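The structure appears below as structure tokens.
The numbers here are math on the coordinates, done by the rules we state, and not lab data. Please read all numbers here as calculations on a predicted model, not as lab measurements. Cβ: placed from backbone, ideal geometry, glycine included. Neighbour counts: every protein chain shown.
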Amino acid sequence: MHNNKICRNKFKNRPMKISLKIFFLLAITFFAGCFYDSEERLYPSISGPCDDTVVTFSGTVTTILQVCLTCHSNSAASSSGNGIKLQDYNDIMIIVNNGRLIGAVNHLNGFVPMPDGGGKLPDCEIAQLQKWIDNGSLNN
């Protein structure tokens with residue numbers, strides 16, 4: 001009878017010990033996972049100053065608009081991009097000249113905000129696009 005009582009007491013505390021182990025394991029994982037995170041490492045373009053001194057079509061504009069090609073490439077434009085293509089310089093100049101590029105990326109009233117369903121592009125990238133346009137939208 002005495003042994004039966006010991007077994008019951010032994011198993012009585014078992015769920016609590018398991019719960020504590022799981023809690024500590026999750027806490028250690030959470031804190032260790034965020035230990036080295038910093039805004040500078042996670043978002044390097046936000047932490048540094050915006051460089052819009054040398055903005056080129058081939059080096060800056062195409063890099064910024066690369067994410068747009070998912071919907072606005074030659075193959076996707078008809079199905080998901082409302083016919084707007086951003087594949088090359090001539091395609092991009094169409095929406096630059098009618099003001100749709102800057103209107104869309106700035107989420108201005110009267111324009112379909114881009115990227116669709118997402119937040120605005122980083123302010124630096126919008127400033128770089130604007131600088132390229134202000135400098136004559138050269139194919140450089």
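Give the residue list of trypsin sites (Lys or Arg not before Pro) in region 60-129 that are DSSP loop and have at most 15 other beta-carbon atoms within 10 angstrom. Before the final figure, lay out each step's value.
Details: sites: K85, R100, K120; in loops: K85, K120.
In loop regions of region 60-129 (DSSP not H, G, I, E or B), the sparsely surrounded trypsin sites (Lys or Arg not before Pro) are K120.
What the phi angles of region 97-103 give under the Karplus curve with 6.51, -1.76 and 1.60, with θ = phi - 60°, is a coupling list of 5, 9, x, 6, 5, 5, x Hz, glycine and proline written as x. The I133 and V67 beta-carbon pair, evaluated with R₀ = 22 Å, returns a calculated FRET efficiency of approximately 0.75.
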